[in-house]
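Reviewing the structure listed below.
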Amino acid sequence: MINPNTGSMTTDRASVLRPEQTLPAAIDYFSKFRLQKNVALIVFLLLVNKLGIPGNLLCYAALFFMALKGPQGAIKALSISGLLIAASDFYVSRGAPVGPLKYLLLLVAGVVILRGSRNIIGQPFLVLLLIFGGVCAVMALYNGYFVQVSLLKTASFTFGAFCLLNAAQLRRNIAPEMLAWGFSLTIAIVLLSYAALAIGAGYGSYETIWGGKFSGYRGVFSHPQTLGVMASLLAVFLTSLLLFVTFPYRKLALYLLLGLLFLLYLSEARTGMLGYVLTVAITLSLIGMSRPSRGEKSLLARYRRQFIGVAFLGMIVLLVIEGFSGAVSERTTKFLAKGDQVESLSVSVLLKARQDQIDRSWDNFKQNPWAGINFGTDLDPNWQRKATLLSASTEKGFLPTALLEEVGIIGATLFALFIFSLFGFLLRGKRYLGLALFAGLLVVNLGEMMFFSFGGMAMLCWPLIAMSITVSNAQLQPLRQAPIAS
């Protein structure tokens, strides 16, 4: 039978003598029926929120019920809550209950996950994460700036990330169920985004808190930049399945990947498109520097050849189109320049949209170099007027300078130690899907500061990471079936 810790096939004397009593029933999580059921459930729980407050209450009642069923249900529930938080107002109506309920669900789901963990502080990166959160809380009290907002953001990030990262050391193997759910979530997001495109509901004009205005396609999400980030991360997820897993729906995964890349183009989100390319390159480089076994090398080489072959074919097609029309370079320049008229691309053109934010964060850091201004806060007067305990989003487009601004050298150093420790764990355990998703989240935060926002997009991003880190030795682990919980 399947070992619940490793996912490998094992045999014991009892199972040979009395199989009818020792072999648990098995679920094929990748059957078409189960995938269709997952997609239907995700779409229903999202769309029911269009009913307003009654829909919000019904949705969260279902999510609490789901979360209480076990760690896998808790991760699923948080992913749907994250989708609701980030979804377009065309698909959902978020009433007053959503604000407190999303944090209450995080608390309940987190406790359920921790109860299923073998050792909640059994890894150095988990200890470092707790230290980072504790130090940020102490500095919030010391700085005295928007203390309640800072403490709530510190607590929600530290608790949320800590619980979801504990998915790496659960007592039972939930990898098949989690990957099937992640795949279903991807299908639902792609279907809803193209449905919005078909009926013309995904376009709009948007204004930032700094007064800047722009337009773009947002799909199922509330903002084109949100679509860009999520399409990038989901594209990394699918690419990882194609590269590292003996996945049963490879053709469908490839079609979905192409669909996500087109959505990235429509969103006009440079962060998402560049983030996808950089993440795949970083992941393959890190894995190449590790020491996979001979069997893993063979499988990795085969999948890598397939991926490179498809990419090469796509490049040939683009070159042919470019040769006949010149449209590829023209559209690429327009995309990367955000529609501005430029003679050539340069780093200054790419950083233009973020430079003011970077400069502002750097200036604030120099005034408060050790402890920062406070985690999750901003010194801008517009932010100060609008910030409330449950709604105080900041727009800082570059994680390194934003982190230095908010928590100073002390906090940034602890955060860097946490990051390096987690990367080391993922590489040593050959958790390549988790490695790719976490690298992707870091990379897109070089253009979008949402790494810590469990009141926003992080509530969707971190459950994706949790789903992915449940898989170790992905190339060798059977994925289609797992034992039912006793």
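What follows is calculated from the coordinates using simple rules that are stated; it is not laboratory data. Note that the structure is a prediction, hence the values are computed from the model and not measured. Using ideal geometry, Cβ is built from the backbone for each residue, glycine included, and neighbour counts are taken over all protein chains shown.
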Once amide H atoms are placed 1.01 Å from N in the peptide plane, what residues at a sequence separation of 5 or more from LYS396, or on another chain, have their amide H within under 5 Å of its amide H?
-> MET449
Hz values of 3J(HN,Hα) by residue in region 105-111 - Karplus curve (6.51, -1.76, 1.60), Gly and Pro given as x | 5, 4, 5, 5, 4, x, 5
Segment LEU58-ASN382, extension gain: residue separation times 0.36 nm, minus the distance between their alpha carbons | 113.2 nm
Calc'd 3J(HN,Hα), region 156-173, phi into Karplus 6.51 cos²θ - 1.76 cosθ + 1.60 (θ = phi - 60°), Hz, glycine/Pro = x, comes to 5, 5, 4, 5, x, 5, 4, 5, 5, 5, 5, 4, 6, 9, 6, 6, 10, 7
Just rank TYR194, TYR142, fewest to most, by other beta-carbon atoms within 10 angstrom.
-> TYR142, TYR194
Quick one: order SER117, SER285 by neighbouring beta-carbon count within 10 Å, fewest to most.
-> SER285, SER117
Go ahead and run the numbers for FRET between LYS37 and LEU389, Cβ-Cβ distance against an R0 of 35 Å, rounding to 0.05.
-> 0.40
Taking H as built 1.01 Å from N, whose amide H comes closer than 5 Å to the amide H of PHE30, not counting residues under 5 places away?
-> none
Once SER285 and LEU51 are pulled to full extension, the length gained, defined as 0.36 nm per residue separation minus their Cα-Cα distance, is 79.5 nm
Full-extension gain in nm, PHE44 to ARG250, via 0.36 nm per residue minus C-alpha separation | 71.5 nm
Between GLU268 and residues 5 or more places away or on another chain, the pairs with built amide H atoms under 5 Å apart involve TYR217
Neighbourhood charge, 14 Å Cβ-Cβ cut-off, centred on ALA201 and excluding it, Lys, Arg +1 and Asp, Glu -1 = +1
Which whole-Hz couplings ³J(HN,Hα) result when phi for each residue of region 79-93 is put into the Karplus expression 6.51 cos²θ - 1.76 cosθ + 1.60, θ = phi - 60°, listed in order with x for Gly and Pro?
-> 5, 5, 4, x, 5, 4, 4, 8, 6, 5, 5, 5, 9, 9, 10
